[in-house]
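Visitor: Take this structure first; my questions come after.
The values are calculated or read from the model by the stated rules, or taken from the named source; none is laboratory data. Everything numeric in this text was worked out from a predicted model, so none of it was measured. Because the Cβ atoms are built from the backbone with ideal geometry, glycine has one as well, and the counts that use them run over all protein chains shown.
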Amino acid sequence: MKYSSYAVLASLSLLGACAVLPTSPSVMALPGTGKTFDQFRADDAVCRQYAYQQVGGVAANQAATTNAVGSAVVGTALGAAAGAAIGGGSGAAIGAGAGLLTGSAVGAGTAQNSAIGTQRSYDYAYLQCMYASGERIPVTGSFRTIAPANSGYVAAPPPPPPGAPPPPPPGAN
């Protein structure tokens, strides 16, 4: 039993090391027009706290570790129960080890997904707060507005080509 507790601690520490993500925004915000850097820093601090609260006060790596530990514990318990039912006392130890490995593998995938989802939610809340505070949020891509055919919107005529004669004066028909 002594070796299995070491195995549990070793695998959990490895899982925790794999699932660490930043506990700060992974997106960029820039100072708003006319705002000082000190105002930007104050908005940044407020928005980081707001985003942290929006994800339940849990950092991405904390959520990942909690999911990994939960999966490993459940896998170990189920493996021990199955091993005891099949092979008695020695089967319980083998089943616990197999359950620990399986639960840890499943927990690693779950932890990674949980960490990514938590970070994404944090980033969205942070960006919303920074934008609402008047800061700039860089976006990529190009935008094009196309008016619907029946909207009644009439586009301005294109400019005349270079070198074209000027239009006639008004009333000179």
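Visitor: Tell me, please, whether a residue that is at pLDDT 70 or above and either part of a helix (DSSP H, G or I) or not charged (D, E, K, R) (or both) can be found in the range 82-89.
Guide: Looking for residues that are at pLDDT 70 or above and either part of a helix (DSSP H, G or I) or not charged (D, E, K, R) (or both), one finds at least one in the range 82-89, hence yes.
Visitor: Then there's this: So which residues in the range 124-142 are surrounded by fewer than 17 Cβ atoms within 10 Å (Cβ to Cβ) and either under 10 Å from the mean Cα position of the chain (by Cα) or not charged (D, E, K, R) (or both), if there are any at all?
Guide: TYR124, GLN128, TYR131, ALA132, GLY134, ILE137, PRO138, VAL139, THR140, GLY141, SER142
Visitor: Go through the range 118-139 and give me each residue that's free of Cβ contacts under 8 Å to residues at least 40 places away in the same chain and over 14 Å from VAL27 (Cβ atoms).
Guide: ALA132
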